[in-house]
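Down below is the structure, laid out as structure tokens.
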Amino acid sequence: MHSFGYRANALLTFSVTALAFICAIASFSDKFSNQNPSAEIQILNINRLKKQSYGNDEVSLTLDISADLQSLFTWNTKQVFAFVAAEYESPMNSLNQVSLWDVIIPDKEHAKFRIQTSNKYRFIDQGHNLRGKEFNLTLHWHVMPKTGKMLADKIVMPGYSLPDAYK
Amino acid sequence: MDWQGQKVVEQLMQILLVISGVVAVVVGYATESFRTMMLIYAGGVVLATLVTVPNWPFYNRHPLEWLDPSEAEKHAKPQVVAKKRFSKK
């Protein structure tokens, strides 16, 4: 501690180490929050189910998505990324997950919402298996903290199905 | 800075930073504001810097007492004694 540079260096190192501890404590405090998100998705309309020129099936839907993700937000949350995926089985793949819509939720106020929209991303099968297909719509979310580990979870909503013929 | 001052400065720095860290976490958690926590901690770091890094006079209250030159000349200068080398057999 005999010189200016020595003391400045010691202070800098110690303060950064203490900062790391503070961030670890902040991240740990997330364990004490109660999280109970809820969501509901309805298919308002199946707009088209067609076969593309390459031979793959494509479907266009209009969805009514309502969700309450407010309880996921803590003081240590930067944003929540949520997306809706259609999940189904096909002869080629045991599990297909196709992302239909997503959103970035920056704060608690925007976390409770209801939106009616057509699918943001195209729902295209690897093959032509979608006629009469039963599928789940799953709302996934990733909670991105300000410090710490990202947390991912989902709500699975089964029981949706597509028409038996192209339209 | 003298020895006593250096010891004080090291302890002061650590205590100030730890206390500002603890206060920052507690207040930030209570107000649910990450930003508040960071601001309090940054303020604590600045305070610790201002208190411990510059060479304030109150750290030099116990200065080392060097021998006065006029006193030193009254006594014989220490002689350098040539070292005896023991050779290995």
*asked:* Can you say whether A:S90 is open to solvent by less than 60 Å² (accessible area, probe 1.4 Å), assigned by the TED database to the domain that holds A:K146 and in a strand (DSSP E or B), as far as the supplied structure shows?
replied: no
*Is there any pair linking a residue in segment A:68-89 that is over 25 Å from A:R131 (Cβ atoms) to one that is of a type in the set (K, R) and surrounded by fewer than 21 Cβ atoms within 10 Å (Cβ to Cβ), with Cβ under 6 Å and at least six apart or on different chains, and which?*
A:D68/A:K112; A:Q70/A:K108; A:Q70/A:K112; A:F73/A:K108; A:N76/A:K146; A:K78/A:K146
*Cross-chain or 6+ apart pairs with Cβ under 8 Å, segment A:37-65 first and within 16 Å of A:R131 (Cα to Cα) and of a type in the set (S, T, N, Q), then open to solvent by 50 Å² or more (accessible area, probe 1.4 Å) and not in a loop (DSSP other than H, G, I, E, B)*: A:N47/A:S118; A:Q52/A:I124; A:N56/A:I124; A:S60/A:N47; A:S60/A:R48; A:S60/A:S118
*For segment A:19-46, which residues satisfy the criterion of being acidic (D, E) and within 14 Å of another protein chain (Cβ to nearest Cβ)?*
A:D30
_Give me the residue from segment B:1-37 that is at the interface with chain A (Cβ under 8 Å from one of its Cβ atoms), aliphatic (A, V, I, L, M) and in a helix (DSSP H, G or I) and, out of that set, farthest from A:N76 (Cα to Cα)._
B:V9
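Could you say whether any residue in segment A:2-21 is in contact (Cβ under 8 Å) with a residue 60 or more places away in the chain, at negative phi and either assigned by the TED database to the domain that holds A:T147 or of a type in the set (A, V, I, L, M, F, W, C) (or both)? Show your work before the answer.
Going residue by residue through segment A:2-21, those that are in contact (Cβ under 8 Å) with a residue 60 or more places away in the chain are none.
The answer is no, given that none of the residues of segment A:2-21 is in contact (Cβ under 8 Å) with a residue 60 or more places away in the chain, at negative phi and either assigned by the TED database to the domain that holds A:T147 or of a type in the set (A, V, I, L, M, F, W, C) (or both).
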*asked:* Within segment B:17-32, does at least one residue satisfy the condition of being more than 30 Å from A:F21 (Cα to Cα) and more than 16 Å from the chain's Cα centre (by Cα)?
replied: no
*May I ask you to list the residues in segment A:12-46 that are in a loop (DSSP other than H, G, I, E, B) and either modelled with pLDDT of 95 or more or open to solvent by 60 Å² or more (accessible area, probe 1.4 Å) (or both)?*
A:N34, A:Q35, A:N36
*Examine segment A:155-164 for a residue that is part of a loop (DSSP other than H, G, I, E, B) and at pLDDT 90 or above, and state whether such a residue exists.*
no
*Restricting attention to segment B:69-84, does a residue exist that is facing chain A (nearest Cβ under 9 Å), open to solvent by less than 100 Å² (accessible area, probe 1.4 Å) and more than 30 Å from A:T147 (Cβ to Cβ)?*
no
*Give segment B:57-89 a look and list any residue that's within 30 Å of A:F4 (Cβ to Cβ) and not in a helix (DSSP H, G or I), or say none.*
B:N60, B:R61, B:H62, B:P63, B:L64, B:E65, B:W66, B:L67, B:D68
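Does B:G44 qualify as being surrounded by 11 or more Cβ atoms within 10 Å (Cβ to Cβ), within 18 Å of A:N9 (Cα to Cα) and not acidic (D, E)?
yes
The values are calculated or read from the model by the stated rules, or taken from the named source; none is laboratory data. What you are looking at is a predicted structure, and each value in this text was computed from that prediction instead of being measured. When we count neighbours, we look across all protein chains shown, and the Cβ atoms used for this are built from the backbone with ideal geometry, even at glycine. Only protein heavy atoms, including side chains, enter the accessible area calculation; ligands, DNA and RNA are left aside. Shrake-Rupley method; radii C 1.70, N 1.55, O 1.52, S 1.80 Å.
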